[in-house]
Amino acid sequence: MTTIISQSMSAKVWAMLILLSTLWGGSFFFVGVAVNELAPLTIVTLRVGIAAIVLWLIAFIVGIKPPKSASVWRSFFVMGLLNNVIPFALIVWGQTQIASGLASILNAATPISGVVVAGLLLPDERPTFLKILGVVIGFAGVVVMIGLPALSGNSPLLAQLAVIGATICYSLSTVYGRRFKL
């Protein structure tokens, strides 16, 4: 399968990217507030459940019928786990111990894990010198953001690693999602 990827972004695509960034970044703030009152899995269930209701309503309004194939539903299930349930659970649990700002910074490691996961699992995404250099620089940036004191045991390193684990799930979902055609 050969996919053509555009090398430039239109104003509309930039606007959508900015809107997505605002919505995505805002979720860290709201989770940071919610973890003071609700259990992590309750937050994840509400977040995923509300999103599912909204998406089903939109699908109904625009006339999209649910698929009948069990294999499609299995694919939806896997994608939902990799792209929503597992990473949301890891991030929300991590935010019970670390600040939402740090969680969002750590979540920015998604492109780093994306390059690594794609390089390992996709034959058309083999590592190049520039990709490896980008991963090394990105990893160094994440280490700087986490800080070396985190390695001393005085910081909630496990919570930070949970958020990094979420980025790996996002990368796996991207690789898994490449099998679907529009």
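The values are calculated or read from the model by the stated rules, or taken from the named source; none is laboratory data. Here the structure is a predicted model, which is why all the values come from computation and not from measurement. Note that each Cβ is placed from the backbone with ideal geometry, even for glycine, and that neighbours are counted across all protein chains shown. Just so you know, the surface numbers come from the protein's heavy atoms only, side chains and all, with ligands and any DNA or RNA stripped out. Shrake-Rupley method; radii C 1.70, N 1.55, O 1.52, S 1.80 Å.
Listing for the model above:
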quantity: Residues located in the stretch 115-137, provided they are open to solvent by less than 30 Å² (accessible area, probe 1.4 Å) and not hydrophobic (A, V, I, L, M, F, W, C); calculated: Gly119
quantity: Qualifying residue in the stretch 5-21 (condition: touching a helix residue (DSSP H, G or I) at 6+ places or on another chain (Cβ under 8 Å) and without any contact (Cβ under 8 Å) to a residue 60 or more places away in the chain); calculated: yes
quantity: Exclusive hit being open to solvent by 50 Å² or more (accessible area, probe 1.4 Å) and not polar (S, T, N, Q), set Ile86, Ile98, Ile91, Ile112; calculated: Ile86
quantity: Test: residue in the stretch 161-171 that is modelled with pLDDT under 90 and of a type outside the set (A, V, I, L, M); calculated: no
